[in-house]
1. Which one, B:126, B:180, B:137, is farthest towards the positive end of the dipole of the range B:77-191 when Lys and Arg carry +1 and Asp and Glu -1 on their Cβ?
2. With runs of 4+ DSSP H residues as the only contributors, calculate the mean residue ellipticity of chain A at 222 nm using -39,500 (n - 2.57) per run, divided by the residue total and rounded to the nearest 500.
3. Using a 7 Å offset from Cα along the direction of the beta-carbon, what are the separations from residue B:170 to the same position in each other copy, nm, ascending?
4. If each residue of separation counts as 0.36 nm, what is the full-extension length gain between residue B:5 and residue B:74 once their alpha-carbon separation is subtracted?
5. Name the residues of the range A:120-156 whose accessible area, probed at 1.4 Å, falls by at least 10 Å² once all protein chains are in place instead of their chain on its own?
6. Please give the average number of partner chain Cβ atoms lying within 10 Å of the Cβ of each residue in B:157-165, rounded to a whole number.
7. For the range B:77-191, what class follows from the C-alpha gyration tensor (a ≥ b ≥ c being the square roots of its eigenvalues): rounded when a/c is under 1.5, otherwise prolate if a/b is larger than b/c, else oblate?
8. How big is the charge dipole of the range A:7-64 about its Cα centre, in debye rounded to the nearest 20, if each Lys and Arg gets +1 on its Cβ and each Asp and Glu gets -1 on its Cβ?
Number of protein chains: 2
Amino acid sequence: MGARRRGEELEQAILRAAAEELRESGYAGLTMDKVAVRAGTNKNAIYRRWPHRAALGIAAYRHLTDAAMPDPDTGTLRGDALEMLRAANETWSSPYGAVLRSLLAAAADEPELLDLMRERSGADTMDRAWLTMLERAVARGEAPAAAVHPLVAAMPMMLLRAEYATRGIPTVPDRTLVDIVDELFLPLVRGRGVPRG
Amino acid sequence: MGARRRGEELEQAILRAAAEELRESGYAGLTMDKVAVRAGTNKNAIYRRWPHRAALGIAAYRHLTDAAMPDPDTGTLRGDALEMLRAANETWSSPYGAVLRSLLAAAADEPELLDLMRERSGADTMDRAWLTMLERAVARGEAPAAAVHPLVAAMPMMLLRAEYATRGIPTVPDRTLVDIVDELFLPLVRGRGVPRG
DNA sequence: GTTATAGGGTACGCGACGTACCCTATGGAG
DNA sequence: CTCCATAGGGTACGTCGCGTACCCTATAAC
């Protein structure tokens, strides 16, 4: 039976074990020993692949999720924006999101980890989605052309992230998302159509 | 010589030592042993006062700083907002800010710690300052009355925080602060004067 | 078949947290 | 003035987790 696993097979087993540990205990609770035991191997096999715990954490995370980017088209800018925020909130509230937040927290001290995270977080794709959203709104005549701007596109998600950071929290109430859209995002879009005064 | 220190005197010595360690090495580098040595005492005296490292970290941080809240009055909303952001950026870029960010990162996993931090971070006072700023702008006829809103007041600082979080960085470039004000904050303020369209 | 390579088992060194003892200075009660 | 409870000092220890070092052994490639 249990022939000795090698290469790809073993690697997947380790990643699966690490992902489970990550989901159960977050990054802080991810220990090399536990991963080794859970994967039915030993630390040797792990350290031969990833130089340190942080690298394994990231690899396990990307093994855990490959988030699909929503591309809503509800017909109104308000509807689209809410859709985006709700999808993001759902992702971040899920077990995967907990892991992600735990990783981000740990990354604050380790710059190398932070880079890898950003690369993997799909922030660029996200910004692009918001921009096309805005462009559609302009095409519909719903928003001024000046509303199409990278900062405008990035703002709502940044606020959502800040909300997660200050509150320490799994889920942002839907009310907050609605407020971000109605009290900030839409007024901002309107305001960018007004000549500076 | 060196009479044995007790009570308040010893407590201050410990806090001073912890604060120095915090500034030199951040929260991650704050070790109980080093604090004990630096304070010229031993871990006993520390654990008799704070139950664990996190508690000492917080206590040391508040011993380190008692941030003065700026209350700019430059005559224009733009000037005031920039002043606020620049002051905040300076604080967060300083050694104190590094400590704060390091503590916040560590707090993400420990909710009790997060509460203590939020209480201590002066977020409420900050929001109030932005609100009075907005009120002054309205009084000058520079902004519509509808611009006075908690979310509007909170937005710029939230964006600044998000900037720190995503980039992993000591200092946000001044250019970014200007953009937050000119591309987002001021258009938003204008937009809130426009009837919903 | 033989052999280089990757896995398995295990032990270790190190640093850090938190705890346990056992002395000793100190200050307050009598 | 004396005695004693209390707080400090010194130090050692248990535990955990990272990362490393060996030493065997299965396996795949040749």
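The values are calculated or read from the model by the stated rules, or taken from the named source; none is laboratory data. Just so you know, these numbers come straight off a predicted model, no measurement behind them. Glycine gets a Cβ as well: all are built from the backbone with ideal geometry, and neighbour counts include every protein chain shown. Accessible surface areas use protein heavy atoms only, side chains included; no ligands, DNA or RNA. Shrake-Rupley method; radii C 1.70, N 1.55, O 1.52, S 1.80 Å.
1. B:137
2. Helix-only estimate at 222 nm: -20500 deg cm²/dmol.
3. 4.0
4. Gain on stretching residue B:5 to residue B:74: 19.9 nm.
5. Those are A:142, A:149, A:151, A:155, which lose 10 Å² or more relative to the chain on its own.
6. The shielding value for this peptide is 6.
7. Numbers: a/c = 2.39, a/b = 1.67, b/c = 1.44.
Prolate is the answer for the range B:77-191, as a/c is 1.5 or above and a/b outweighs b/c.
8. Rounded to the nearest 20 debye, it is 160 debye.
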